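**Q** The structure that follows is given in the form of structure tokens.
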Amino acid sequence: MSAVVACLVATACTTTGAPAAAPDPEVTVAVWGGDQDAKTYQQRVDLASERVGGVNVKLMHLPKDYGSAIQKMMSEGNPPDIIQVAESVHSYSGNNQLLPLNPFIETAKLDLVGRFGERAARSYDREGKTWALPDRNGPMVLYYNKDLFDKDGVAYPTADWKWPDFLAAAQKLTVREGDKTMRYGFAAGDWWPWWMAFMLQNGGRVLDDAGKPVINSPENVKAMQFYADLVHKHRVAPSKKDYEALKVSSPDKLFAQGNAAMIMTGFWNIASLKETPQVRWGISPLFKNTKQATISFQSGLAITKSSKRPELAFKVLEFLTSAEGQKPIATSGQDAPANKEVQDSEDFLRPAWAISDINMSAFKESAEFAFTPPMTPEWGGMQKAFGTIIGEICDGVVTPKDGLAAAQRSLETMGK
């Protein structure tokens, strides 16, 4: 048998007779999202495989039932090494399913505040431990239709706007023919980031520093009254029935049609608007009332406790959150990166994919006053507890005073 044939049969040596090199150990990274997300993450893990020595980084894209799939793998004892997390992070950490990152951070001498900023650096902390590193950080901003503002002689929104400025603009931008609204000045609904942003802007909160519910406060009642009045008193925003009559499922779609002058949403809306060239739009930080506030749509990356290669996994995690590892987020238009250096880069502020002059710095400005949802193990249950009641306030079925009192009771019952 020739040397070449022998090696092919044994698969243990090269054609020169030398032993074959062992493959690099594998580190898996699990993420959710659509096709654009998968494409960008793949680009990033490929870079990680090139830049982090001695490791093969494999992407695990789970577009459906992400949480259930991760829990199934964890229960079977074979989870990914790194998982994408958001508000659910402490459902995992509370169940002892994640590794605290502090020892790795200290060994690597990684400056989290320098890399992500003070607020973002602590966003995944609990009980004095860091459970994930920020990866994407796109605060909710105000999208506005420039053509409609120009047509109606309304000045473009700025971060200096207060509620009366916002309301006056929405009223001027709303167009009616008799009882029929042809165009809305604003569009939102009962999704928690929308109404909670108004609560925060009025100095309200859902939980206090001790984690106790304080949703039934005078500040929150006033905020929800203003929010509900946009639909039922001022008629500048569509109700749930209006959406159904228009056969439109979301404010984003109403905006893309040119039938809403302003909406509050995240970075992801840019992707759909890039496919809607007939709408000339801009973005601005949200308005305020007693304080500046918005909601942070962010996700992080964590290491599972069952990872067989935690040290290597952290090296991958460190790279993915570095400027080089985050650059594809900006160049692809996937989201706002968490890394401050990339946030300040031309790749993000003046992206090649932009079809018009977009104020991308609105995301960085907003990050300075962005509120991260309560990342407690009970957050999912809390949403269910107040979700229906808040929906009834938005629908005008109950008053904000009565509705928030009921929401307070529901949240207090959860803790018993």
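**Q** Where does the range 282-364 land on Rg(C-alpha)/(2.2 N^0.38 Å)?
**A** Working: Rg = 16.0 Å, N = 83, 2.2 N^0.38 = 11.8 Å.
Ratio of Cα Rg to 2.2 N^0.38 Å: 1.35.
**Q** For the chain, what does the helix formula give at 222 nm: sum of -39500 (n - 2.57) over DSSP H segments with n ≥ 4, over the residue count, nearest 500 deg cm²/dmol? Numbers along the way, then the final one.
**A** Working: 21 runs with 185 residues, N = 416.
That calculation yields -12500 deg cm²/dmol at 222 nm.
**Q** Amide H of residue 265 versus every other amide H placed in the peptide plane: which residues, excluding those fewer than 5 positions away on the same chain, fall under 5 Å?
**A** For residue 265, whose amide H was placed from the backbone, the distant partners under 5 Å are 141, 143.
**Q** Here is a further query. Could you pull out every one of the aspartates and glutamates with an alpha carbon less than 14 Å from that of residue 340, ignoring same-chain neighbours closer than 8 positions?
**A** 111, 118, 135, 324, 365, 368
**Q** Counting only heavy atoms of protein chains, what accessible area per residue, in Å², does the chain have with a probe of 1.4 Å? Let's see the in-between values first.
**A** On the way: 18930 Å² over 416 residues.
Ligands and nucleic acids excluded, the figure is 45 Å² per residue.
**Q** If I build a Gaussian network model for the chain, linking alpha-carbon pairs within less than 10 angstrom, which residue out of 23, 100, 213 has the largest mean-square fluctuation?
**A** Result for the chain, Cα springs under 10 Å: 23 fluctuates most.
**Q** If you don't mind, another one. Using only the Cα atoms of the chain, what do you get for the radius of gyration and for Dmax, in Å?
**A** Final numbers for Rg and Dmax: 24.3, 93 Å.
**Q** While we're here: In whole angstrom, note down how far apart the Cα centers of the range 143-166 and the range 340-391 are.
**A** Rounded to whole Å, the Cα centres lie 21 Å apart.
**Q** Apply the Karplus parameterisation 6.51 cos²θ - 1.76 cosθ + 1.60, with θ equal to phi minus 60°, to every residue of the range 120-135 and state each ³J(HN,Hα) to the nearest whole Hz, in sequence, with x for glycine and proline.
**A** For the range 120-135, the Karplus-derived couplings read 5, 4, 9, 5, 10, 7, 7, 6, x, 10, 9, 10, 6, 9, x, 10 Hz, x marking Gly and Pro.
**Q** Ordered by residue, what ³J(HN,Hα) values in Hz, to whole numbers, does the range 187-193 give under the Karplus form 6.51 cos²θ - 1.76 cosθ + 1.60, where θ = phi - 60° and Gly and Pro are x?
**A** Once θ is set to phi - 60°, the couplings for the range 187-193 become 8, 8, x, 9, 5, 4, x Hz.
**Q** What is the distance in Å between the Cα centres of the range 300-338 and the range 204-219?
**A** 33 Å
**Q** Any idea what the dipole of the range 229-388 comes to, in debye rounded to 20, about its Cα centre with Lys/Arg Cβ at +1 and Asp/Glu Cβ at -1? Don't skip to the end; give the middle numbers.
**A** Values: 19 positive and 17 negative charges, 113 e Å.
It comes to approximately 540 debye.
**Q** Cα atoms only, the range 262-416: Rg and Dmax in Å?
**A** 19.8, 54
**Q** Taking H placed 1.01 Å from N in the peptide plane, check which residues at least 5 places from residue 130 or on another chain put their amide H under 5 Å from its amide H.
**A** For residue 130, the qualifying residues are 101, 102.
**Q** Follow-up question, since we're still on this one. For the range 38-52, what does the Karplus curve 6.51 cos²θ - 1.76 cosθ + 1.60, with θ = phi - 60°, yield as ³J(HN,Hα) per residue in whole Hz, taken in order and with x for Gly and Pro?
**A** Once θ is set to phi - 60°, the couplings for the range 38-52 become 4, 5, 5, 4, 4, 4, 6, 5, 5, 5, 4, 4, 6, 8, 8 Hz.
**Q** Additional query: Taking amide H positions as placed 1.01 Å from N in the peptide plane, with prolines and chain starts having none, which residues 5 or more places from residue 280, or on another chain, fall under 5 Å of its amide H?
**A** Amide H neighbours of residue 280, under 5 Å, 5+ apart: 146, 147.
**Q** Taking a 1.4 Å probe, which of 299, 345 shows the most accessible area, and what order do the others take after it?
**A** Working: 299 5, 345 25 Å².
Solvent-accessible surface, decreasing: 345, 299.
**Q** Dividing the Cα radius of gyration by the Kirkwood radius, what Rg/Rh value follows for the range 323-386?
**A** Numbers: Rg = 15.3 Å, Rh = 13.5 Å.
Looking at the range 323-386, the ratio lands at 1.13.
**Q** May I ask you to give the percent of accessible area on the chain that is carbon plus sulfur, with a probe radius of 1.4 Å?
**A** 51 percent
**Q** Work out, in µm²/s and without decimals, the Stokes-Einstein translational diffusion coefficient of the range 114-241 at 20 °C, 1.002 mPa s, Rh from Kirkwood over C-alpha pairs. Mind dumping the intermediate values first?
**A** Numbers: Rh = 17.3 Å.
For the chosen part, D equals 124 µm²/s.
**Q** What aspartates and glutamates could a cross-link reach from residue 58, if we take a straight Cα to Cα line under 14 Å and drop same-chain neighbours fewer than 8 places away?
**A** Straight-distance partners of residue 58: 24, 26, 46, 50, 81.
**Q** Quick one: which of 330-343, 30-43 comes out on top by average Cβ neighbours within 10 Å, and what's the full order, highest first?
**A** Values: 330-343: 22.7, 30-43: 17.9.
Most protected by this proxy first, the peptides run 330-343, 30-43.
**Q** Here's something else I'd like to know. Restricting to the chain, compute how many DSSP beta bridges are antiparallel as a %, nearest 5. It would help to have the intermediate numbers written out before the result.
**A** Working: 28 of 41 bridges.
Restricted to the chain, the bridges split so that about 70 percent are antiparallel.
**Q** Which aspartates and glutamates have a Cα less than 20 Å from the Cα of residue 212, not counting those fewer than 8 places away in the same chain?
**A** Filter leaves 87, 125, 127, 378, 402, 412.
The values are calculated or read from the model by the stated rules, or taken from the named source; none is laboratory data. Only a predicted model underlies this, so the values are computations on that prediction, with no experimental measurement involved. Reconstructed Cβ throughout: ideal geometry from the backbone, glycine too, with neighbour counts over all protein chains shown. Please note that ligands, DNA and RNA were not included when accessible areas were found on the heavy atoms of the full protein model with its side chains. Shrake-Rupley method; radii C 1.70, N 1.55, O 1.52, S 1.80 Å.
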